[in-house]
Each structure stands twice: as structure tokens, then as C-alpha cells.
Amino acid sequence: MTVPTEIPPLLELRGLRAGYGTIDVLHGVDLVLEAGQVYALLGPNGAGKTTTLGVCSGQIVPSAGQVLINGREVNGTSSDALARAGVCLVPEGRGVFPNLTVTENLRMYTHAGTSFSEIQEQAFAQFPRLKERRKQVAGTLSGGEQQMLAMSRALATKPALLLLDELSMGLAPLIVEELYERVADLAREGVSILIVEQFAQAILGVSTVASIMLHGRITRTGPPQELAEELAAAYLGASTTAPA
């Protein structure tokens, strides 16, 4: 009789310590993201959320602990190698090419091996507004439209793990709602998603599991709605001088 093999989490952090130079920002972080989940990592500015994404995407090498993807340790693996393995980061600030049109931006994404026609078709299907703006220079788009373009770039790589940093930053509530509806759609399609947010309400409705991070440590993990009340207390009690 064949014993079923247990499927490892898509992403797992074990006792993770990391930071900048000799200063650790993360102090023993444990996190488990199962395939197809939307994991919300929440906390005030300076909690260590962006540093966590930097480690997961290969931009920061941990000083201790383990980063595992599909059960395989990837400590020290380059960001390029992780990207080829299906890890994609959409950083805070969107990161589009501001002097290129929407169409030209989409054409730049063919470096991942996907055809331009497929990338364009997918982007316009997901975000019809981009089709209307296809000849417009990206730097003149609204913040929400630029975020849509950045997400289109990420999805062109067909990621298994999508890392989103402050997706809602500076955007109108209706745009945030539209973007997070797309996040929920991606999860239903099988993409695993780790999102960091400072302002929690935007993501609680679509996340599967949530954690509160303070001063480089995860202090609580559980169902998103159970954490909602604790978040206000966490923000009020957080120091504004913690490392970013």
C-alpha cells in the first residue's frame, strides 16, 4: 500500500532572522503559507513586513533560520533564480517604466518567455482600463492604473508565489476594492499570495489567514476577522521608531 506523501507548504519561514548590515530587523519569524492561500501580514510602519518580503524574494539573505519553498531551503538563492522558480514581487511604489506607454510596458514583460499577444490579452482581460489607456504613457496614469500595470507585469511571469507590498498605498477605496477582487480571483486560480499591508481593512475580506507583526516578530496568527480588533491595539501600542 502506498502511503500518501504530505505536500509541503508553498512557503515556510522558520526562525527567520534578517536585516541590513549587522542589524537584524526580523527576530525569529515563523510563517507558513499553503498553496492557494492569501496570507495577510499586517502591522504598523517599521514592523519588518517589507524586510520579510525582501527575504522571500531573494533580495535579502537571512542571517539565521530557513526560507523554504515547496519544502526546499532557498537561503541565499538569488532573486533571479527565485523568479524563474515562480516567485514574483510587486514592490511598494509599483515599479512601472514611466516613460513608456502601457503597451510598451507590457512588451517589456516578454523577457519571461511569454508571448506579447498572450501578455496583452491577459492584462486587458484582467484590467479593462489598461486597454483604454494602452497608448498612454505610464507615468501619466493614475496610481491605481499604475498598480494594475505592475500587477499585469507580475502575472506575465505566471507566478506560483505572488508577493505584494502595500498594494493599497495611496489609492482610492474603490480602486483598492477592485485590485483585491483580482487578488481573490488569482487565489482561486491556484496562485499563493503573501501580502503585507499597514492598513488592514482592505485585505481582511479576501485573506485566508492573517498575522500581526510588531518589531520584527509575529505576535499573533489566526483567521482574519478574529485579528481585526487586535490590530487597532497593536497600532496604538507600536513604537514609531522601530526599524523599517
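The values are calculated or read from the model by the stated rules, or taken from the named source; none is laboratory data. If you're wondering where the values come from, they're calculated on a predicted model, not measured in any experiment. Neighbour counts run over all protein chains shown; Cβ positions are idealised from the backbone, glycine included.
Scanning region 130-147 for residues that are surrounded by 17 or more Cβ atoms within 10 Å (Cβ to Cβ) and either in contact (Cβ under 8 Å) with a residue 40 or more places away in the chain or under 14 Å from Thr103 (Cβ atoms) (or both) returns Leu130, Arg133, Ala138, Leu141, Glu145, Gln146, Gln147. Cβ-Cβ distances below 8 Å connect the following pairs, each with a first residue in region 45-73 that is free of Cβ contacts under 8 Å to residues at least 60 places away in the same chain, a second residue that is crowded, with 19+ Cβ neighbours inside 10 Å and among the acidic types (Asp, Glu), and a separation of six or more residues or different chains: Ser63/Asp24; Gln66/Glu12; Val67/Glu12.
Criterion first (outside any loop (DSSP other than H, G, I, E, B) and either farther than 22 Å from Pro44 by Cα or of a type outside the set (Lys, Arg) (or both)) does Val176 satisfy it?
Working: outside any loop (DSSP other than H, G, I, E, B): yes; either farther than 22 Å from Pro44 by Cα or of a type outside the set (Lys, Arg) (or both): yes.
Yes: the conditions hold for Val176.
If you go through region 156-174 and keep only what is of a type outside the set (Lys, Arg) and in contact (Cβ under 8 Å) with a residue 40 or more places away in the chain, you end up with Ala156, Thr157, Pro159, Ala160, Leu161, Leu162, Leu163, Leu164, Asp165, Glu166, Leu167, Met169.
Entry remark, region 90-104: residues being within 15 Å of Gly143 (Cβ to Cβ) and not charged (D, E, K, R) number 7 in total.
Of all residues in region 14-62, which are assigned to a strand (DSSP E or B) and within 13 Å of the chain's Cα centre (by Cα)?
Leu33, Val38, Tyr39, Ala40, Leu41, Leu42
With the requirement that a residue be within 22 Å of the chain's Cα centre (by Cα) and among the polar types (S, T, N, Q), what does region 121-138 give you? Gln122, Gln126, listed by residue number. Only one of the numbered conditions (1) closer than 18 Å to Ala154 by Cα; (2) loosely packed, with under 14 Cβ neighbours inside 10 Å; (3) modelled with pLDDT of 95 or more is violated by Glu73, and that is (1).
Residues in region 79-103 that are free of Cβ contacts under 8 Å to residues at least 12 places away in the same chain and assigned to a strand (DSSP E or B): 0 in all. Can you find, within region 76-121, the residue that is farthest from Glu145 (Cα to Cα) among those that are at pLDDT below 90 and of a type in the set (A, V, I, L, M, F, W, C)? The selected residue is Ala85. Every test in (1) part of a loop (DSSP other than H, G, I, E, B); (2) in contact (Cβ under 8 Å) with a residue 24 or more places away in the chain is passed by Gly76 save one, and that test is (2).
Here is the figure for region 118-164: residues that are more than 13 Å from Val90 (Cα to Cα), out of contact with any Ser or Thr (no Cβ under 9 Å at 6 or more places or on another chain) and not in a helix (DSSP H, G or I) total 2. The single condition among (1) under 18 Å from the mean Cα position of the chain (by Cα); (2) outside the structural domain of Glu229 (by TED's automatic domain parsing) that Thr101 does not meet is (1). Residue-level check: of (1) in the same structural domain as Met169 (by TED's automatic domain parsing); (2) within 30 Å of Gly144 (Cβ to Cβ), Gly19 misses just (2).
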